[in-house]
Amino acid sequence: MANEIISYHEMCRRESSSLQRGMNFRLGGARSVILMSVRINAPYRDELQDNGTVLIYEGHDVPRRIGGPDPKNVDQPERYPNGSLTENGRFHQAATDYKAGRSGPHLVRVYEKIRDGIWSYNGLFHLVDAWQEQDHQRKVFKFRLVAVESEMPLPDLEFYEAERRRIIPTAVKLEVWKRDKGRCQVCGASNELHFDHDLPFSKGGTSMKADNVRLLCARHNLSKGDKIQ
């Protein structure tokens, strides 16, 4: 469920992978997994746009090696020396296939690191575009992903505009976590937590202000449903 708060180990168990890298193409099935962060000093320039409905995700650098060049001074690679596609290349190819009408949008699960030891599941996204751009002295990959409501897979060759979903901004999540002291605001539980909207989107609520977001445990989040409390 989107907006779920999850530990790194729980995230790895869910995806049946150690998730040692941020980009994971087709991880055990049709869906891919990416790990994002918009925190200060994050290693890549990820950003949310269009009122939190769009993620612009930066591709990943060459591995750091002893005696090798600074990865931040080298073009982000599309292929390995043997010619096979890197994760950048595989995601780029998926976006190219979608834009050319050869497949539906690739499905990507997105997890966000909001602070050390605390991750948030940002839900399912459609990968709809990819490109390279100049970043000072090197080229980097950029990927455009749209947050969508449905977790259902799409027919490969069918195109339609899926219903968009808004992501709670990182700054709001951090403010709510601090204010609510990492506990459910109904029962005080500190596990299986979610960021919950007091007033739902369907009734005019917003995710842009901490005043409309609180921490709830899974039980109270599910029992609330779409009702105004």
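Here are a few things to note about the model shown:
- Counting only DSSP beta bridges whose two residues both lie in the chain, roughly 90 percent are antiparallel.
- Reciprocal mean inverse distance between Cα atoms of the chain - Kirkwood radius, Å: 18.8
- In terms of its C-alpha gyration tensor, the stretch 5-80 comes out oblate, because a/c is 1.5 or above while a/b does not outweigh b/c.
- Exceedance of the 22 Å cut-off in Cα-Cα distance is limited, within the set K181/K209; K113/K142; K72/K178; K178/K209; K72/K173; K178/K203, to K72/K178; K72/K173; K178/K203.
- Potential lengthening between R115 and Q49 on full extension [0.36 nm per residue; Cα-Cα distance subtracted]: 21.7 nm
- For the stretch 90-100, 3J(HN,Hα) per residue [Karplus equation, 6.51 cos²θ - 1.76 cosθ + 1.60, θ = phi - 60°, Hz, x = Gly/Pro]: 5, 5, 4, 5, 4, 5, 5, 4, 5, 5, 7
- The string of couplings for the stretch 39-56 from the Karplus curve (6.51, -1.76, 1.60, θ = phi - 60°) is 5, 4, 6, 4, x, 10, 9, 7, 8, 9, 10, 6, 6, x, 9, 10, 10, 9 Hz, one whole number per residue in order, with x for Gly and Pro.
- Gained length - L199 relative to Q132, 0.36 nm times residue gap less alpha-carbon distance: 20.2 nm
- H106 long-range amide H proximity, modeled H, under 5 Å: L127
- Separation of the R79 and S190 label points, Cα + 7 Å toward Cβ, nm: 5.2
- Accessible surface of the chain, 1.4 Å probe, proportion on carbon and sulfur as whole %: 49
The values are calculated or read from the model by the stated rules, or taken from the named source; none is laboratory data. Note that the coordinates shown come from a computational prediction; the quantities given were computed from them, not determined experimentally. Note that we place each Cβ from the backbone using ideal geometry, even for glycine, and neighbour counts take in every protein chain shown. The protein model used for the area step is the full one, side chains on, heavy atoms only, and it has no ligands, DNA or RNA in it. Shrake-Rupley method; radii C 1.70, N 1.55, O 1.52, S 1.80 Å.
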